[in-house]
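The values are calculated or read from the model by the stated rules, or taken from the named source; none is laboratory data. This structure is a prediction, so every number in the text was calculated from the model and none was measured. Quick reminder, even Gly has a Cβ in these numbers, built from the backbone with ideal geometry, and neighbours come from all protein chains shown. These accessible areas exclude ligands, DNA and RNA; they are computed on the full protein's heavy atoms, side chains included. Shrake-Rupley method; radii C 1.70, N 1.55, O 1.52, S 1.80 Å.
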Amino acid sequence: MERAGGMIGGRILSAITPVLLGALGALAANFPISFLGNLVPPPLLSLMPLYFWGIVRPDLMSPFWAFMLGLLEDFLSGPGSPPGVWAASYVAAYAFLDSQRDVLAGLSGLGALMGFALTALVACVSAYLIVDVYHWRVQPLAPVLAELAVTVIAYVFAVVILGGIHRRVVGPLRSDF
Amino acid sequence: MANGGWKIARRRGGAQLPIALLAALAVALILIGKAQSNLFDRARANVTDWAAPALQVVRTPLAGLDRWIGSIGNLFSVYQENLRLKEENARLRQWQNAAVVLDGRVKRYQLLLHAVPDPALQTVMARVIGRANRPFLQTMILDAGKAQGVKPGQGVIDARGMIGRIFLAGDHTAWVILLTDLNSRIPVSIEPGNVQAIMAGDNTGAPTLDLLSQNVVLKPGMQVVSSGDGGLLPPGLAIGTVVADPSGGFRVALLADPASSEDVNIVDFKQKAEAPPAVSPADLPATAAGLPPAAPPAPIPATAPNGLPTTTPPGVNAGAPQPAAANGAKPPQPAAANTAKPAPSDATPDAGGAE
């Protein structure tokens, strides 16, 4: 099956797909309707495309887009949330990802899941520390850990979808062939 | 799984400079947000107004599923819960009888004391159309906004007690910051004893209590109500009961359950300026002592410097205000003017002779 990226229109589609999926993830995660009775916080869906394509196609998922996805997360998370928290956290996660790209890209199976968990941990811990300093008060850790756990579990299912989209729509960089 | 088979498009470390710049930009954004906390609020309100119809449509079929999943934990304790509720119901019926008797007694005392009535309370009923439960934020969205008279700061209550307060009002929607949210801090009063404290949310189910005085002793079970300080919330809104915090201090077990609230009331608290009660004849010392009111003093004709009585010259408007009246100040009236038996109109002194 030929990838959509092989055509001119498809090339544009393949270029915007990672960021588009990240934005859709932010919208879905912050949609103010709970499916689980508010028992657990929603996963950081926008972090998944950021991690996935941040490793395999950093030309399409650049630090700028990591910042913008974080900013979108800040905007959509509701009033009262300090602006810039998730923007800074996503940039921190991207910095970790960028520094460990070789290692992370070589992981597979449970190791790949642990790689994502580490990146998500960097994002969540950064957000936690920023909010602590912002409010100058130590916040309870449980909600952040719950969000981290939900995000990592959700990535197990999301990575299958992201992998399929990568194969059919985005594809590797031409210079990589 | 995952990324094992994918080639890397760029070597490590190629994006260090942009990352540093973006990190600095993010920190600057946080600092700006600290200085101006309503940075995104106008845009957020517009987006919520725009998305409200979609939220209402999507929420209806999902509400049942949401409630069912949210109550899964209760399925395992239905029997114990039922017994506990029956016992609590019997106890509350006794309290209801006591409350009815006490309410009647308080009203009688208020009548006897001519007590100033409670401030006017109006409420706007709204439906919950969205909830957000993030690690650093606990909010809900209501389908009432500025068009219905909703303003930031107003309290939100359900049938059991206070839930939160309006944080941001759009034209047809409003965001509520729950009492459990990190940003929530409201002045409360703890009864009995009228102990003043600040109740602060920390994203756990039970907000903390910061006492304003260190010389008070709290006991679990004491009632927490809004104190009314600051003039935004009415005093006496039921909030919860004091519980001991295992890690020290005290917390508040809230009466309301925001997760299950569907319809709420937004309290429009209009605090009127207190006016002194009108003077009645019985309030005058002489009348209260059983003495007849003092007779008004006889009119003294005004005299000109030459000793002759003055008259209003032709052509001068007799009703024209005098300098004292022009300032809105009325000339002093005799004490008899306040009595039940008014003084004859011709007995009213008029030093200026203009009326």
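Of the strands (runs of 3 or more DSSP E) lying entirely inside region B:153-242, those carrying at least 3 residues that are in contact (Cβ under 8 Å) with a residue 12 or more places away in the chain and aliphatic (A, V, I, L, M) are B:162-169, B:174-178, B:185-191, B:195-200. Here is the figure for region A:146-161: residues that are more than 9 Å from chain B (Cβ to nearest Cβ) and open to solvent by 30 Å² or more (accessible area, probe 1.4 Å) total 5.
Of everything in region B:174-232 that is closer than 19 Å to B:Ala244 by Cβ, within 14 Å of another protein chain (Cβ to nearest Cβ) and charged (D, E, K, R), the residue that is least open to solvent (accessible area, probe 1.4 Å) is B:Asp202.
Being more than 17 Å from the chain's Cα centre (by Cα), under 24 Å from A:Ala95 (Cα atoms) and open to solvent by 30 Å² or more (accessible area, probe 1.4 Å) is a property that holds for A:Ile130.
Got at least one residue in region B:32-51 being touching a helix residue (DSSP H, G or I) at 6+ places or on another chain (Cβ under 6 Å), open to solvent by less than 80 Å² (accessible area, probe 1.4 Å), modelled with pLDDT under 80 and not aromatic (Phe, Trp, Tyr)? Yes. Of all the numbered requirements in (1) open to solvent by 10 Å² or more (accessible area, probe 1.4 Å); (2) free of Cβ contacts under 8 Å to residues at least 60 places away in the same chain; (3) more than 8 Å from chain B (Cβ to nearest Cβ); (4) of a type outside the set (A, V, I, L, M), A:Arg167 misses one, and that requirement is (2).
Filtered by the rule that a residue be at pLDDT 85 or above and either over 30 Å from A:Ser77 (Cβ atoms) or within 14 Å of another protein chain (Cβ to nearest Cβ) (or both), region B:114-128 gives B:Arg127, B:Val128.
One residue stands out in region A:104-116 among those that are in a helix (DSSP H, G or I) and buried (at least 17 other Cβ atoms within 10 Å of the Cβ): the one that is nearest to the other protein chains (Cβ to nearest Cβ), namely A:Ala112.
Residue-wise test of (1) free of Cβ contacts under 8 Å to residues at least 40 places away in the same chain; (2) touching a Phe, Trp or Tyr at 6+ places or on another chain (Cβ under 7 Å); (3) assigned to a loop (DSSP other than H, G, I, E, B).
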residue	(1), (2), (3)
A:Trp53	no, no, no
A:Val91	yes, yes, no
A:Val122	yes, yes, no
A:Pro140	yes, no, yes
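Taking the criterion of being at negative phi, at pLDDT 75 or above and either open to solvent by less than 100 Å² (accessible area, probe 1.4 Å) or away from every other protein chain (no Cβ under 14 Å) (or both), would at least one residue in region B:62-76 satisfy it? Yes: region B:62-76 contains one or more residues that are at negative phi, at pLDDT 75 or above and either open to solvent by less than 100 Å² (accessible area, probe 1.4 Å) or away from every other protein chain (no Cβ under 14 Å) (or both). Inside region A:63-103, can you point out the residues that are over 27 Å from B:Gly33 (Cα atoms) and open to solvent by 10 Å² or more (accessible area, probe 1.4 Å)? Once the filter is applied, which keeps residues that are over 27 Å from B:Gly33 (Cα atoms) and open to solvent by 10 Å² or more (accessible area, probe 1.4 Å), region A:63-103 yields A:Ser99, A:Gln100, A:Asp102, A:Val103. Picking from residues in region A:77-99 that are facing chain B (nearest Cβ under 8 Å) and of a type in the set (A, V, I, L, M, F, W, C), the one that is farthest from B:Gly153 (Cα to Cα) is A:Ala95.
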